[in-house]
Amino acid sequence: MINSIKLENIATYASVEFSGLQRQNFIYGSNGSGKTTLSNYLADSTNLAYSDCSTIWENDTPLEILVYNKNFRQKHFNSTGKIPGIFTIGEKSQEIAEQIEAKNKELESLKTNITTYKSTQGTKQDEIDNLYIKFKDNVWDRLYKKHEKAFKEAFKGVMSNKDNFVNKVLSEYETHKNETALDYENLKKLSDKIYNSPNEKFSNLPAFPSINLEEVMQNPIYSKKIIGNNDVDIAPLINRLNNSDWVNVGRSFLGTNDKICPFCQQETISDKFIKELASFFDETYTKDLNTLKETSDLYKINSKNLLDFLDEIEKSQTSNNNTN
């Protein structure tokens, strides 16, 4: 039990002593008279601010002091301010509440930034829309209206409205932007040659070659998986290598009486091994492989013949001024 308390040189106290204390004591006074100062001293008597203050304990035996005052409430109890009557307790909870409050402020700031960004974005979009309208009008007046008569046939299909015409101009620019631009005179000559020169029919067009590439490509061999005979003992090994063509090519290097492996160059080849290779790459495998090669070669030959035919037509008409 505390017998007496002396406060000196702190807050409103110059020097005062509370003596004759009992187990229960009631200390009262008006606001600012020093009640909180007394409780703060008892709560933290080691603070340097209370260096001139002292406490006398009964039998010189200090006990743990528990103080419940305004500072304690602010330190340990925090009302969320959102739902009356809901509190968090403890210093850690107070820290968490402060972090939540900080995050809420940060969230509000982000919301404000988003609103500002959306407003700015809307303004920029309006600027882009206005610039596009000006660009569209400029293209329509300086390209279409100015040259409408000279390039009327070339402008067909995009004459219905400004948007169609501008989109076509932009598309053509992307396609040909890396090419050397033609001047007006050359463009006019090219347009006249294409749209205004007399049409001439081919009088003696060569007979188109009887070639059907699609029929070649529809051969069932292209949709068939060509594999060896999996019933032989060596099949798992070849399948694990995942390169049967490589094994098949190596097989062609094996002589009748040659025991040297074409892969490792050691005498590891047995008659059984040769027979199993022959059984794996059986007649069906060989036949399918030959069919694939034949159809592929046929496609290459027919493709070349067709391209040669078209090249000949192009060459024969290059010098013809009336050919469009």
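Assorted remarks:
- If you go through region 6-40 and keep only what is β-branched (Val, Ile, Thr) and in a strand (DSSP E or B), you end up with 10, 16.
- Considering residues of region 259-292 that are small (Gly, Ala, Ser) and in a helix (DSSP H, G or I) only, the residue modelled with the highest pLDDT: 279
- Looking only at residues of region 272-309 that are open to solvent by 50 Å² or more (accessible area, probe 1.4 Å) and either among the aromatic types (Phe, Trp, Tyr) or touching a Cys at 6+ places or on another chain (Cβ under 9 Å) (or both), we find that the one that is nearest to residue 211 (Cα to Cα) is 299.
- The residue that is surrounded by the fewest Cβ atoms within 10 Å (Cβ to Cβ), among those in region 56-73 that are under 60 Å from the mean Cα position of the chain (by Cα) and assigned to a loop (DSSP other than H, G, I, E, B), is 66.
- Of all residues in region 157-198, those that are β-branched (Val, Ile, Thr) and in a helix (DSSP H, G or I) total 4.
- Being of a type outside the set (Phe, Trp, Tyr), farther than 25 Å from residue 196 by Cβ and touching a helix residue (DSSP H, G or I) at 6+ places or on another chain (Cβ under 7 Å) holds for only one residue in 139, 158, 166, and it is 166.
Yes or no, residue by residue, for (1) at pLDDT 75 or above; (2) surrounded by 10 or more Cβ atoms within 10 Å (Cβ to Cβ); (3) out of contact with any strand residue (DSSP E or B) (no Cβ under 7 Å at 6 or more places or on another chain):
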position: 76; (1), (2), (3): no, yes, no
position: 82; (1), (2), (3): no, no, yes
position: 100; (1), (2), (3): yes, yes, yes
position: 103; (1), (2), (3): yes, yes, yes
position: 108; (1), (2), (3): yes, yes, yes
position: 112; (1), (2), (3): yes, yes, yes
position: 115; (1), (2), (3): yes, yes, yes
position: 131; (1), (2), (3): yes, yes, yes
position: 140; (1), (2), (3): yes, yes, yes
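The values are calculated or read from the model by the stated rules, or taken from the named source; none is laboratory data. The model shown is predicted, which means the values in this text are computed figures rather than measured ones. Cβ coordinates were reconstructed from backbone atoms using ideal geometry, including for glycine residues, and neighbour counts include every protein chain displayed. Accessible surface is based on the protein model in full, side chains and every heavy atom, while ligands, DNA and RNA are left aside. Shrake-Rupley method; radii C 1.70, N 1.55, O 1.52, S 1.80 Å.
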